[in-house]
Amino acid sequence: MAKACVLINKITSMGALKSRWNHDINVTFRQEHVTNADPSQTNQNDILLSCHDENNNEISYDEAVKERIKDLQQADGRKIRSNQVKAYDIVLEFGDADDIEQENIDVSEWERRSLEWLKETFNVAGDGKDNVLSVVCHKDEASPHIHAIVTPVDERGCLCAKSFTNGPAALSKFQDSYAKKLEDLGIERGVKGSSAHHKPNRTYNAEKNKAAELPKPEPNQTAEEYYNMYQEELEQRAIDHKIKLDKLARNMRASIDKERILQKNALSSEMDTMTKYYDVIKKDYTDDLEATKAEIIDLKRELADLYKEHADLSDINKAIIDMEAMATLYSHQQDVFECINKIDPELAERWNEIQTLAETEYKDYLESSQYSEELDDAEYSELE
């Protein structure tokens, strides 16, 4: 069964925090080469909690710790010493990939509960601020594990590591409470008194190189016997290596297949969105086209009506021409009148009287006709 494990490393210098940051930061695309990390699994890493300043800008571990403890003191009221424990690098783990498969462990739920446990256990500072500054999960190394950067600020608001890790009993309580948090996930408490610990990169690489050393000849062993033993050792190592490579290849194929499925689903979703958008545009275009056709038909009808309403324009033009001719005739008539007036003034006067009488009669006629035209049908009916 998978074993819950809590490991607490004390950090006293800002340089150590920077080194820790270089290992943890940007866990999706590591900034430094990690020998025991599987590049095909790096995209599975998670940032559960990141460091931020007052303006919510992401900052490094050393900057976050400086900001957290800048106004604090020791328990005795003195200033913080240069060699004082300023932060913990807490490692949480439960086993390797085989444990996950055998116990069917929900890694996402393990991450969530681990984050809860960290906050419940260490966010107890008297100044009301959080001690848990950063939490990242590495799934691309030999075993899934969590790194948490925590400042040891106690309930008095003092920077005091002894308030949390004062002896083996305190560490044992951490193991108990963490295991209790995970017990229904198929993860139990590790063996009490165990010396198991998370291996740093240098330790891991040293053990890896040592394991790669060839076996030494046994006493009184002949060259042929050693050669046969050497061959068997190489064959066994080749088999073990092939098994590891096959497992790595399966994991890589699974990761690639998963990525392909995600890309396919994303592309399919995008295609569906574009199709729906095209259908909407097409419908709007079709509706606009039909509306335009209807407007053209209405305009044609209005134009036909205008032609009908003004069909007598030619008669109007003819009347205008006749009026222009009459005006010309009147002009000639005036010339004749002036000639007669010179020869026979009495005749001219008589002519003028007749013309004046004719103009008066014509004016009365026009006024009478205009009045009749201004009457509407109802008024005209009443007059009748």
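The values are calculated or read from the model by the stated rules, or taken from the named source; none is laboratory data. Fair warning: this is a prediction, and the values are worked out from it, not measured in the lab. When we count neighbours, we look across all protein chains shown, and the Cβ atoms used for this are built from the backbone with ideal geometry, even at glycine.
All of Lys244, Lys199, Lys208, Lys216 fail the test of being on the phi < 0 side of the Ramachandran plot, part of a helix (DSSP H, G or I) and at pLDDT below 75, apart from Lys208.
Determine whether Glu67 is surrounded by 12 or more Cβ atoms within 10 Å (Cβ to Cβ), farther than 22 Å from Lys181 by Cβ and at pLDDT 85 or above.
Values: surrounded by 12 or more Cβ atoms within 10 Å (Cβ to Cβ): yes; farther than 22 Å from Lys181 by Cβ: yes; at pLDDT 85 or above: yes.
Yes; evaluated as a whole, the condition is true for this residue.
In region 1-17, the residues that are surrounded by fewer than 17 Cβ atoms within 10 Å (Cβ to Cβ) form Cβ pairs under 7 Å with partners that are of a type outside the set (S, T, N, Q) and part of a strand (DSSP E or B), at six or more places apart or across chains, as follows: Met1/Glu188; Asn9/Tyr88; Asn9/Asp89; Lys10/Tyr88.
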